[in-house]
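**Student:** A single structure is presented below for examination.
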Amino acid sequence: MSSFQGRALRDALNGISGILVTPFDADDAISVAPLKPVVDRAVQAGVHVLVANGNTSEFYGLQAHEAERMVHAAAECVAGRVPLLAGVGRSVHEACALARASRQAGADALMVHQPPDPFVAPRGVVAYLRKIADAADGLPMVLYLRNENIGLAAIEELCRIPEIVGVKWASPTPLVLAEAMRRTADRQLAWVGGLAEVWAPPFYAVGARGFTSGLINVLPERSVAIFNALEAADHALAMRLIGEMLPFEELRAQENNGTNVTVVKTALQLMGNDCGATRPPSAWPLTDHQHRQLHALMSGWNLLR
């Protein structure tokens, strides 16, 4: 069962939500062992929340049984040291089954992926979230919004589902975020910047707190330093620290964001913490030019094995 409840979970959501990679072996099967050093580094650095089955976890590349295995593996590695969020999504029945499995694994809350279905009705998304909430049997839920196309009225209705405790806002629209926050201020939700470190400052400016991060798999200390600078309202320091990790994020954004996880997993290989390849349709491997850029960056960070 969950170790973090109420205020403790809510406060942690104001921090860094580190999205864990899913390790594969040479035969493209899940390999749990490489996950433990990733988790240990993140926890020791001070990352506040860890997330299994997020996008950096290649959620849409996993079979249902693999996603279930990963939330159990993550729970074992985290061992109650920080809250664990478990991503759920895809078809409503898959999402409900994974919600139940995540609760059994000991996840502290669910992160509900925005449905990628091409035919998404605003009221249909509300029904989708309510069915997952019923399946989760009281487990808190965080809404993961990659765009606001369903409209502010539907977003407000989603935010008023009792189990919703936070929103990861992954759309580069801080003014729309500000309006969503204004409409739901009475709920005192956690509003988390969902576009990693680079977008954290403008989200902070409208009142969001914390951010999601894939960098924590590689250099969690940098993510924590950026968080601390933002919390201290030291904008100049935050921007300098972000500028120094910006080349990493720019590499991840190449090929239509298709190198997003590729860069993280290649960096882990360069560190001697091999978590395997990414699965198609992600790009794998990096091109020679991309690899040289990443190698130079990792060398500058003193992270090469």
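**Student:** Give the residue that is farthest from Lys36 (Cα to Cα), with candidates limited to residues of the stretch 263-305 that are under 23 Å from the mean Cα position of the chain (by Cα) and of a type in the set (D, E, K, R).
**Tutor:** Arg279
**Student:** Scan the stretch 96-109 residue by residue and report those that are farther than 14 Å from Met70 by Cα and not in a helix (DSSP H, G or I).
**Tutor:** Within the stretch 96-109, Asp108, Ala109 qualify.
Yes/no matrix, rows are residues, columns are (1) aromatic (Phe, Trp, Tyr); (2) under 19 Å from the mean Cα position of the chain (by Cα):
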site: Phe4; (1), (2): yes, yes
site: Arg7; (1), (2): no, no
site: Arg10; (1), (2): no, yes
site: Ser17; (1), (2): no, yes
site: Val21; (1), (2): no, yes
site: Asp25; (1), (2): no, no
site: Ala33; (1), (2): no, no
site: Asp40; (1), (2): no, yes
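**Student:** For the stretch 195-213, what are the residues that are buried (at least 23 other Cβ atoms within 10 Å of the Cβ) and not charged (D, E, K, R)? Working first, answer last.
**Tutor:** Going residue by residue through the stretch 195-213, those that are buried (at least 23 other Cβ atoms within 10 Å of the Cβ) are 196-197, 200, 203, 208, 210-213.
Of everything in the stretch 195-213, those that are buried (at least 23 other Cβ atoms within 10 Å of the Cβ) and not charged (D, E, K, R) turn out to be Ala196, Ala200, Phe203, Ala208, Gly210, Phe211, Thr212, Ser213.
**Student:** Still on this structure: Which of the residues that make up the stretch 214-247 are surrounded by 16 or more Cβ atoms within 10 Å (Cβ to Cβ) and part of a loop (DSSP other than H, G, I, E, B)?
**Tutor:** Gly214, Val218, Leu219
**Student:** Further, regarding this structure: Only one of Ala86, Ala109, Ala73, Ala79 is among the aliphatic types (A, V, I, L, M) and on the phi > 0 side of the Ramachandran plot. Can you tell me which?
**Tutor:** Only one candidate qualifies: Ala79.
**Student:** Could you go through the stretch 90-98 and let me know if any residue there is touching a residue at least 40 places away in the same chain (Cβ under 8 Å) and touching a Ser or Thr at 6+ places or on another chain (Cβ under 9 Å).
**Tutor:** no
Read the figures in this text as sums done on the coordinates, not as results from a lab. Remember, predicted model here, so these are calculated numbers, not experimental data. Here the Cβ is made from the backbone with ideal geometry for all residues, glycine too, and neighbour counts use every protein chain on show.
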